[in-house]
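The values are calculated or read from the model by the stated rules, or taken from the named source; none is laboratory data. As the structure is a computational prediction, the values presented were derived from the model and not from experiment. Virtual Cβ from ideal backbone geometry, glycine too; neighbours counted across all protein chains shown.
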Amino acid sequence: MLSQPDHVVRHFRDVLVWPVQIRPGFSGGEIGRLHELITGDGRWAPVDDEFTTDPADFQERHYKEFVAFLPYVQRFLYGDSRSGVAAEAARPASMSVYRRTDVAGLRVTLRPGEAPIALRVAHVDLYLFLDMDVALLNVEVAADDLPLATALELLYRFGRAYPTGWDANGQGVHNVHRSELLGHDGQILATSDSEQRDRYLHFVCAKRAPRVGALWAWLLQPLVQDQEDLPGALRYRLIEYYRMPMMAFLALDDPRALTREDFIRIGFVANLPARDPLPVRDPSVLRFERLHCEDRFWTDSEEGPNSRFLCTGNALVLVGDARSEYFRDPDHGFLARFRHQYFLVFMIAHFHRAALLSFSDGLADAVNDLDVRDAESVRRFKRRIRLSFEAFLRFTHRYWFHEVSEQGLVQALFQRTTGLLRNDELFADVKEQVREMSAYLDSDSQRRQSGTVLRLTVVTIFGLIATVVTGYFGMNLFNFPEVADSRKLLQFGVVTGSTLCMVLFAVARSKRLSDFLEALSDERLDGKAKWASLVRVFRKADESR
């Protein structure tokens, strides 16, 4: 339990970044079609480009966000430079963002019988990436003056795609008891359904996939879960753990009053229930400061600043002093950076992971769909692997990078997050899988080419006999004046038919003829063995084995 239960979070932010796999992906040739599908019902609208041509609309916050990243990351996040490129010739943006503005609030009841907590919804965004079958749902909520214990309980329970189980009363465990999305006039837009135990059980039994909660399914519309028996051109599948990656901003009156155990519980808030004892023997707990703390702005003195980043990969929490104007400044301070620069760092790391998991899942699905006895299945498999190889190549050169900024804190947070997510190891695994698939396609192509060359070689060798015969008759047959024309045609037909039969027989038995030629050229074999090899050419298939 927290050592300071009376701590109050003066300003609270919870930012969810939920990756899903979509079908079809955001490819260059389908941009217009995808845009129509997402915006067709009016729920989502594209986010206006903040980098407008009018300098009056361009704020200092936008400038600071832009210059925080290296040039190739800037091109990924904000698009190519407009200079020197005609509008019709410009390449499509690598990232597209859509936002829905009908959601204004969130009302959460943590447990049955407790008073609901009211939160403001800052925004609900959907991120799509060119040529990637990945979408990121981003939900940001805010509140003021929450007890720290309540804030941590909210961070632990909110942001779960579906319940993991139910208690004796049929209520979902670990997730919030009820969450409701509210419109601008206070009407309820969507409600969670974790208490409907039978619906979740029946769905898993029938579909062999977990059912996404009603509130999250409503937020993602018009995207429809792939296993649902509902119409929808855009569909998605789960590729991550049901616990959504999250960022949290906690502004406390005196963060120095928190103990080490408090910070550990805050850092592991996504996975450690408040009532559970601290796993003091866990290596992550023993090495907590070294593995999970970014303390360059933590002085532990009254002069400050006392801002501490706690990163566990799936969670990034910023704890700071609410009395510091700079820490809570939404335009120039830590809050502004948390919502923009640090959010983009966190988003990029989880996009990398989601894209790599999507590649791995696609390769596994292609192998599962392969039936080597079905020619159409083999052709479909080859086509899918080639497309995956091309997409992975584009991902490697367009999106994959190890450095995002020359600013120390921004780069440190990216390295810590991507390291804890083990993205480099996952990239190496996927790259090896793609290489193995590519090697299989190359070897299969070479095998088929070798078989073709072998057959052509055998046909050519045995066709030499026919070539000599037909060459002779071709020069002299029609120069025999004493032979009747009908006999000439008969001889020509016999020679042509015999040659055709010989060629077809050579093609049909090319493998056995190849074995005979190899035996004939082997000086270690006696005449009997070579004769047996020739006899096998004329036997039936079962007799020649």
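Results for (1) among the aliphatic types (A, V, I, L, M); (2) not in a helix (DSSP H, G or I), shown as yes or no for each residue.
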site: R296; (1), (2): no, yes
site: F309; (1), (2): no, yes
site: V319; (1), (2): yes, yes
site: R323; (1), (2): no, yes
site: Y326; (1), (2): no, no
site: F338; (1), (2): no, no
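How many residues does the stretch 280-319 contain that are small (G, A, S) and closer than 26 Å to H352 by Cα?
Residues that pass the stated criteria total 3.
Quick check, is V378 in the same structural domain as R265 (by TED's automatic domain parsing), of a type outside the set (F, W, Y) and assigned to a loop (DSSP other than H, G, I, E, B)?
Judged against the criteria, V378 is not a match.
Taking the stretch 509-524 as the search range and keeping residues that are surrounded by 11 or more Cβ atoms within 10 Å (Cβ to Cβ) and assigned to a loop (DSSP other than H, G, I, E, B), which one is farthest from the chain's Cα centre (by Cα)?
Residue satisfying both the conditions and the ranking: D522.
Any idea which residue in the stretch 72-103 is modelled with the lowest pLDDT, counting only those that are of a type in the set (S, T, Y), surrounded by 11 or more Cβ atoms within 10 Å (Cβ to Cβ) and over 23 Å from E403 (Cα atoms)?
Restricting to residues being of a type in the set (S, T, Y), surrounded by 11 or more Cβ atoms within 10 Å (Cβ to Cβ) and over 23 Å from E403 (Cα atoms), the top hit is T101.
Would you confirm, using the coordinates I've provided, whether S377 is polar (S, T, N, Q), surrounded by 13 or more Cβ atoms within 10 Å (Cβ to Cβ) and modelled with pLDDT under 90?
yes
Could you look through the stretch 90-122, keep only residues that are in a loop (DSSP other than H, G, I, E, B) and charged (D, E, K, R), and pick out the one that is nearest to the chain's Cα centre (by Cα)?
Ranking the candidates gives R91 first.
For A168, state whether it is at pLDDT 95 or above and outside any helix (DSSP H, G or I).
It is false that A168 is at pLDDT 95 or above and outside any helix (DSSP H, G or I).
Just to check your reading of the model, which residue among D125, D145 is under 30 Å from the mean Cα position of the chain (by Cα) and under 18 Å from A248 (Cβ atoms)?
Selected residue: D125, the only one of D125, D145 that is under 30 Å from the mean Cα position of the chain (by Cα) and under 18 Å from A248 (Cβ atoms).
Can you list the helices (runs of 4 or more DSSP H) found entirely within the stretch 212-286 that contain at least 2 residues being aliphatic (A, V, I, L, M) and in contact (Cβ under 8 Å) with a residue 60 or more places away in the chain?
Here the list reads 214-220.
Being assigned by TED's automatic domain parsing to the domain that holds Y156, assigned to a loop (DSSP other than H, G, I, E, B) and modelled with pLDDT of 90 or more is true for just one of F51, F69. Which residue is that?
Answer to the check: F69.
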